[in-house]
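K.L.:
Following this message is one structure expressed as structure tokens.
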Amino acid sequence: MIRSILIAAVCLFALQLEAQEKFAIQNVSVITMVNETVLENHTVIVDKGRITKVAPTNKTKLSKNVRVIDGTGKFLMPGLFDMHTHFFYEQGDHINTNEAELKMMLANGITTARIMAGHPSYLEAKSNVKSGKWIGPELSVASPQFVGRWPFPPEFKNYEIVASETKAQEAVKRFKAEGYDAIKITFMMAKPIYKAVTEAAAKENIKVVGHVGPIVMLPAAIEAGQQIEHMDMFIETLLPDTSYNHGQSVSDYNIYSKAAWETVPHLMESKIPALAKSVKDAGIYVTPTNYFFLSVFGFPLSEDEIKAKPDYNYLPSKLKAEKWKYRESYLKRMAPLESREKYVKIRKQMVHELWKAGVPLMAGSDAPEFFQVAGFALHDELKAMVDAGLTPFAALQTATVNPAKFLDMASRTGTIEVGKEADLILLQKNPLEDVTNTRAITGVSTNHQWLDKNAIVNLLQQSRETLEK
Ligand SMILES: [Zn+2]
């Protein structure tokens, strides 16, 4: 008796597994991201993690063993990329909750994430997802950040001090061999060392990504073809002449500096189109992380606004006090409203002009900076793209096709096409009408699995419990 129950249970399990492997989303509106056309009343079939069919529902016959997901009234689009994120591990008491954070990202529709400063545990996370041991987005992991010196306490080692050209070359080789996907630049690096890094990286066939500091400055970064985060040092080029051109503009690096904010009234918006053209001509991808800069430094969110965001519920309590303290110290030094208004206007205009010039933009949240939490925060960045003047379709490109192309993954992900990996999200509402509808997630597919609404809620609950431990 027990034996037959066991056999029945095993059979049922096997059946479920098979059904998991093959599923069809029926009667859904498909936003393929190949172009803006929405394929209405379509069926998308997934088998063993690959899209095997995209066709009108009335012309699609399904075999019996296929799990059917009703997509009526819903929208299916490729899974999202967050191109700039970090783990909580780098903050507070350095508690490793990487696995929980990956679940949180996936529950928010992130099926690929780029971790922007390396650590051995992040490479481990990457391989755990790849092997199926963990559930989460596919990871691209940048190296420990290259710096000229490290001005903070050295307790969490995800930086590499490169004090000489030889050291720089050696570090590039080592990180490539260790499995990092890019070389991350941070700051305070002398120009010849920067040059040595970019040359060594070209030789090793690994991309250079990250900040542009006031020593290297934008022209050198453009010449090297570095992929640029935060539009670092772009604002510098809007200063009227060399008398102001002293690396003191209010770029990422100088955001806390009073002197930097004093240059804002001198900035010339008329220089933005030429700046955009030079970035476009160099073929450089840009991750503006505009929501982060505007909501923290431009027009800081109020205390109530911060607490009302979904992110706040997933922020470990242990980190909250520190974050309120940082916010307080910025608010105390904050520049006058007039300067901040101009700063916000210029950052939006830069994103708009870069897009119009044809620069491939990529959506990145920079979570968990301040009160942003990975997964949730990416949706704010998509909204920031639209607020800067992109169409909702163009905003979605920044989190699908553009990053897929940059990461050399375009042949297997970023769009919904036969043969591609089934990185998919099912939405209750149309994100092309209102980009904030990317939050209305009711299904996610990745790693051969279909996660329905219940599974998503469970993932979020599990991550929250781990993060509060
Ligand atoms: Zn960052």
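The values are calculated or read from the model by the stated rules, or taken from the named source; none is laboratory data. Just so it is clear, the structure is predicted and the values come from calculations on it, not from any experiment. With ideal geometry, Cβ positions are generated from the backbone for all residues, glycine too; neighbour counts draw on all protein chains shown.
K.L.:
With a cut-off of at least 1 residues that are outside the structural domain of Val172 (by TED's automatic domain parsing) and surrounded by fewer than 17 Cβ atoms within 10 Å (Cβ to Cβ), name the strands (runs of 3 or more DSSP E) lying wholly within the stretch 43-140. Give the steps one after another, and end with the answer.
P.N.:
Working: elements: 50-56, 67-70, 75-78, 80-85, 110-115.
Where strands (runs of 3 or more DSSP E) fall fully within the stretch 43-140 and carry at least 1 residues being outside the structural domain of Val172 (by TED's automatic domain parsing) and surrounded by fewer than 17 Cβ atoms within 10 Å (Cβ to Cβ), they are 50-56, 67-70.
Residue-wise test of (1) free of Cβ contacts under 8 Å to residues at least 12 places away in the same chain; (2) within 18 Å of Met105 (Cβ to Cβ).
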site: Lys332; (1), (2): yes, no
site: Glu353; (1), (2): no, no
site: Ser365; (1), (2): no, yes
site: Leu382; (1), (2): no, yes
site: Asp387; (1), (2): no, no
site: Ala399; (1), (2): no, yes
site: Phe406; (1), (2): no, no
site: Ala422; (1), (2): no, yes
site: Ser445; (1), (2): no, yes
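K.L.:
Okay, next question. Among (1) at pLDDT 95 or above; (2) closer than 30 Å to Pro336 by Cβ, where does Ser249 come up short?
P.N.:
Single failed check for Ser249: (1).
K.L.:
Among Ile69, Ile51, Ile95, which is the only one that is touching a residue at least 24 places away in the same chain (Cβ under 8 Å), under 30 Å from Ile183 (Cβ atoms) and away from the ligand (no atom under 16 Å from the Cβ)?
P.N.:
Numbers: Ile69 fails: under 30 Å from Ile183 (Cβ atoms); Ile51 fails: under 30 Å from Ile183 (Cβ atoms).
When all the criteria are applied, what remains is Ile95.
K.L.:
Looking at the stretch 273-287 only, could you name the residues that are touching an Asp or Glu at 6+ places or on another chain (Cβ under 8 Å) and either away from the ligand (no atom under 16 Å from the Cβ) or assigned to a loop (DSSP other than H, G, I, E, B) (or both)?
P.N.:
Passing the criteria: Pro273, Leu275, Ala276, Ala282.
K.L.:
How many residues does the stretch 98-137 hold that are of a type in the set (A, V, I, L, M, F, W, C) and within 16 Å of the ligand (Cβ to nearest atom)?
P.N.:
6
K.L.:
Still on this structure, I have one more. Mind checking which strands (runs of 3 or more DSSP E) fall wholly inside the stretch 402-469 and carry at least 1 residues that are among the acidic types (Asp, Glu)? Show your work before the answer.
P.N.:
On the way: elements: 424-427, 441-446, 449-452.
In the stretch 402-469, the matching strands (runs of 3 or more DSSP E) lie at 449-452.
K.L.:
Here is a further query. Which members of the stretch 33-73 meet the condition of being over 25 Å from Asn454 (Cα atoms) and among the β-branched types (Val, Ile, Thr)? Give the steps one after another, and end with the answer.
P.N.:
Start the filter on the stretch 33-73 by keeping residues that are over 25 Å from Asn454 (Cα atoms), which leaves 33-40, 52-61, 63.
Passing the criteria: Val34, Thr37, Val38, Thr52, Val54, Thr57, Thr60.
K.L.:
I want to confirm something. Restricting to the stretch 369-379 and keeping residues that are more than 15 Å from the ligand (Cβ to nearest atom) and part of a helix (DSSP H, G or I), which single residue is surrounded by the most Cβ atoms within 10 Å (Cβ to Cβ)?
P.N.:
His379
K.L.:
Could you check Val296 against (1) in contact with a strand residue (DSSP E or B) (Cβ under 6 Å, 6 or more places away or on another chain); (2) in a helix (DSSP H, G or I) and say which number it fails?
P.N.:
Among (1) in contact with a strand residue (DSSP E or B) (Cβ under 6 Å, 6 or more places away or on another chain); (2) in a helix (DSSP H, G or I), Val296 violates only (1).
K.L.:
So if I check each of Val351, Val359, which one is assigned by TED's automatic domain parsing to the domain that holds Lys103, closer than 20 Å to Asp281 by Cα and not in a helix (DSSP H, G or I)? I'd like the intermediate steps shown before the answer.
P.N.:
On the way: Val351 fails: not in a helix (DSSP H, G or I).
Of the residues listed, the single one that is assigned by TED's automatic domain parsing to the domain that holds Lys103, closer than 20 Å to Asp281 by Cα and not in a helix (DSSP H, G or I) is Val359.
K.L.:
Which residue is nearest to the ligand (Cβ to nearest atom), if the candidates are limited to the stretch 313-338 and must be buried (at least 16 other Cβ atoms within 10 Å of the Cβ), part of a helix (DSSP H, G or I) and not aliphatic (A, V, I, L, M)?
P.N.:
Among those residues, the one meeting the criterion is Lys323.
K.L.:
So, one more: For the stretch 31-45, give me each residue that is out of contact with any Ser or Thr (no Cβ under 6 Å at 6 or more places or on another chain) and among the acidic types (Asp, Glu).
P.N.:
Selection gives Glu36 alone.
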